[in-house]
Structure formats: structure tokens, C-alpha cells
Amino acid sequence: MYTTTTPARIDPCVSRLIEMLAPGGQASYLAVRPEPDATVNGCFSNVRAKSERDGGRMLCGWQLWEWPQVLVEAEFHAVWLSPQGHMEEITPKPHGETSVLFVPDERRSYDGQVVDNVRVALHDDQLIEHFIRVSHAIAQAMACSARDHEPPERIAPLRQVQRFLGRSIHSGLREHDPCPCGSGSRYRRCHGHELERALA
């Protein structure tokens, strides 16, 4: 649907995201050196197992991602802090990234709850705004489903909308372009208007 990657540099947009998440925080590029038993998207269990085995401790913070020309994104994440005080990224990445951009946030700890990613648009565009809002709605629905032990029925249609928006943005569509449904109207006046009402 869409693929984010490690930001190539800490530009003003990334710096603003860092300041929003962890005021005064310092981001560092860390080489990805997965532990043999580590799993993708399992950073908290990976770090817990490493700490029990080799000492050190879990350090929570934010792993930063970028969808070039679209958005920057922060994922709640944990790295291993060695007994000597070195940060190490021991969790493999889904798309084979060899380095990550991580900002520690000592105020945060992992309590088992899902923390939604923080996303900031790089352009003032309704399609990108809708993608961010729908992604947030998916995270909220997942959290409610887990809390109430209910099947996540609300998530499927939201994921359909998220895929539609992701494909549209990836193809270069923006709010003033013709809506991909073929109506001839601009996205903002067509499906954009309908989705705005639904999200409200």
C-alpha cells in the first residue's frame, strides 16, 4: 500500500516531529543488528529477552520513518541499552533497512498497550490529511476491539479506505485532481467531501 523508510537526513520536518514527541530529544542513526531470535515488529519482547540474557535494559522512544514528499511518522519503539550505555537496534526491519533513526524518550515505558504512530503531513493536502486520520481511526478501532474482546469488524472498511488513499497518494493524486472514481469531479468535491463527512 505505502512504504516508509528511514529518513535520509534530519531535516526541519523531522526536527519538528522530534521536538513534538520528545522536546530537547536527540535522534541517532543506529545500525540494525538483529538478534538471531528477534522478530519483525516484536521490539519490546526482543529487547526484554536480550536484557534477561545479556543484562542492560529496555530504552523506549520513537523510531522515525518518512514517506518522501508525503509525511513523516514516529513509531513507539524500544532498543536495547547495553550495560556500557550503548544503544543497539536488535529488531529486524520489514523492508530490510540497515539503519534506523531513533530518538530516546525516557518519560515513556512499555505497558503492553498499543500506541498509535504519530504522523505529520509534509504538504497541506486533503488526501494526505484523510490518510492520517483514517490510519488513526484504525488504531483506535484496534485498541477498542482488544479492550472489549470484540471481533474487529469496523477495521476492514477502514483498511479499504486506507488502501484507496495510499494508492491514490502514491500515484501522485492530490486534492484538486480528478477523483479516481471517474466522476469527473475533483477529489475534494467528490469522495473527499464524502470522507470528510464520515470522519467528522
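The values are calculated or read from the model by the stated rules, or taken from the named source; none is laboratory data. Fair warning: this is a prediction, and the values are worked out from it, not measured in the lab. In this analysis, Cβ positions are derived from the backbone assuming ideal geometry, glycine residues included, and neighbour counts consider all displayed protein chains.
Identify, please: which residue in the range 19-66 is in contact with a helix residue (DSSP H, G or I) (Cβ under 9 Å, 6 or more places away or on another chain) and among the polar types (S, T, N, Q) and is, among those, surrounded by the most Cβ atoms within 10 Å (Cβ to Cβ)? It comes out as 63. Taking the range 148-178 as the range and being at pLDDT below 90 and part of a loop (DSSP other than H, G, I, E, B) as the test, the residues that pass are 149, 150, 151, 152, 153, 154. Here residue 12 passes the criteria (1) of a type outside the set (A, V, I, L, M, F, W, C); (2) free of Cβ contacts under 8 Å to residues at least 24 places away in the same chain; (3) within 23 Å of residue 111 (Cβ to Cβ) except the one numbered (3). Number of residues in the range 67-91 that are within 10 Å of the chain's Cα centre (by Cα) and surrounded by fewer than 20 Cβ atoms within 10 Å (Cβ to Cβ): the value is 1.
Filtering the range 43-59 to residues that are of a type in the set (S, T, N, Q) and under 20 Å from the mean Cα position of the chain (by Cα) leaves 45, 46. Of all the listed residues (138, 90, 132), the sole one being modelled with pLDDT of 95 or more and not assigned by TED's automatic domain parsing to the domain that holds residue 63 is 132.
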